[in-house]
Ligand code: BGC
């Protein structure tokens, strides 16, 4: 089959031939991948900043934001049938399984020995076929097919959002989102839908398509922290420096959740944190429940909101566009099959 492969020896990324997965065993299903999205994590892996091939192999199929269709099932699969639309979860349990993995919360794995498809130790989904345990697949209604590729990034937001609301000790009203990439935009809608006043801070001009899209839905758009005041800040921009700087906008009891900040040495405003009862948290990955919430939430959005986010390209262009995405494309999605 064709796949977007990262070769760790030759340090090369290319769409190339890759062995088909083995037939599904008991409890497993074979899925035909329809589409797979690209995110900053894929760029990090393809830059060899993090990520690893499966044990004993020297290449990794990238891709973890996928949607596929069940083709066939092994024995003892009772929840899925051929033709069902599914989104795979990314992470798989550590072995033999820590208390959190055993409890179905591998997103909160205690050992760090988990594996992640397309990232750490398991091939991903930027390819034509995959085999997975039925338990690792989340069913998606057929009417969401056109946007199901957004379920995985939306699941990550569901987890972070739930965490922010749980950690805030008062009655939060105002949310500041750092970054207007796909995660920032989806996070803004999530908070907006839940009744919050939402501001997105990003570098693009207020006339840019994404700033206009946000503004048209009632989200405030700003390029500076001046005058911003927020109960919850969600960092969706990759900058720990900006995240910490944004703490001056945090109101009392404020919560800052880091979602994508790259490693950085930062100075904490410790006195303000103490006096303000502030909380800083980090959030990664998502549980099945968050995937299911993401499916439900995306199903409520207007297709006219979601459509402008997606920029579809054929799989053949995946290596070429990973580092040079078309300007103004919010989320690159590669079509793998029809
Ligand atoms: C994925 C998560 C994953 C994380 C770290 C993110 O891009 O959405 O599922 O846990 O990268 O590897």
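The values are calculated or read from the model by the stated rules, or taken from the named source; none is laboratory data. Fair warning: this is a prediction, and the values are worked out from it, not measured in the lab. With ideal geometry, Cβ positions are generated from the backbone for all residues, glycine too; neighbour counts draw on all protein chains shown.
Taken as a whole, the structure leaves residue 281 outside the set of residues that are within 15 Å of the ligand (Cβ to nearest atom), touching a helix residue (DSSP H, G or I) at 6+ places or on another chain (Cβ under 8 Å) and either modelled with pLDDT under 95 or within 23 Å of residue 154 (Cβ to Cβ) (or both).
The criterion of at least 3 residues that are away from the ligand (no atom under 14 Å from the Cβ) and touching a strand residue (DSSP E or B) at 6+ places or on another chain (Cβ under 6 Å) is met by the following strands (runs of 3 or more DSSP E) wholly inside region 99-188: 129-133, 174-178. If you go through region 84-107 and keep only what is over 15 Å from the mean Cα position of the chain (by Cα) and touching a residue at least 12 places away in the same chain (Cβ under 8 Å), you end up with 84, 85, 86, 92, 93, 94, 95, 98, 101, 104, 105, 106. If the condition is being assigned to a loop (DSSP other than H, G, I, E, B) and surrounded by 22 or more Cβ atoms within 10 Å (Cβ to Cβ), then region 220-241 contributes 236, 237. Among the residues of region 22-48, those that are away from the ligand (no atom under 16 Å from the Cβ) and either surrounded by 18 or more Cβ atoms within 10 Å (Cβ to Cβ) or farther than 28 Å from residue 156 by Cβ (or both) comprise 22, 23, 24, 25, 26, 28, 29, 30, 31, 33, 34. Candidates 272, 302: the one that is surrounded by fewer than 17 Cβ atoms within 10 Å (Cβ to Cβ) and modelled with pLDDT under 95 is 302.
Residues that are at pLDDT 95 or above and touching a strand residue (DSSP E or B) at 6+ places or on another chain (Cβ under 6 Å) were ranked within region 251-266; the one that is nearest to the ligand (Cβ to nearest atom) is 259. Flag: residue 290 matches the condition of being surrounded by 16 or more Cβ atoms within 10 Å (Cβ to Cβ), out of contact with any strand residue (DSSP E or B) (no Cβ under 8 Å at 6 or more places or on another chain) and farther than 17 Å from residue 192 by Cα. Taking (1) touching a helix residue (DSSP H, G or I) at 6+ places or on another chain (Cβ under 8 Å); (2) more than 10 Å from the ligand (Cβ to nearest atom); (3) over 21 Å from residue 337 (Cα atoms) in turn, residue 51 satisfies each apart from (2).
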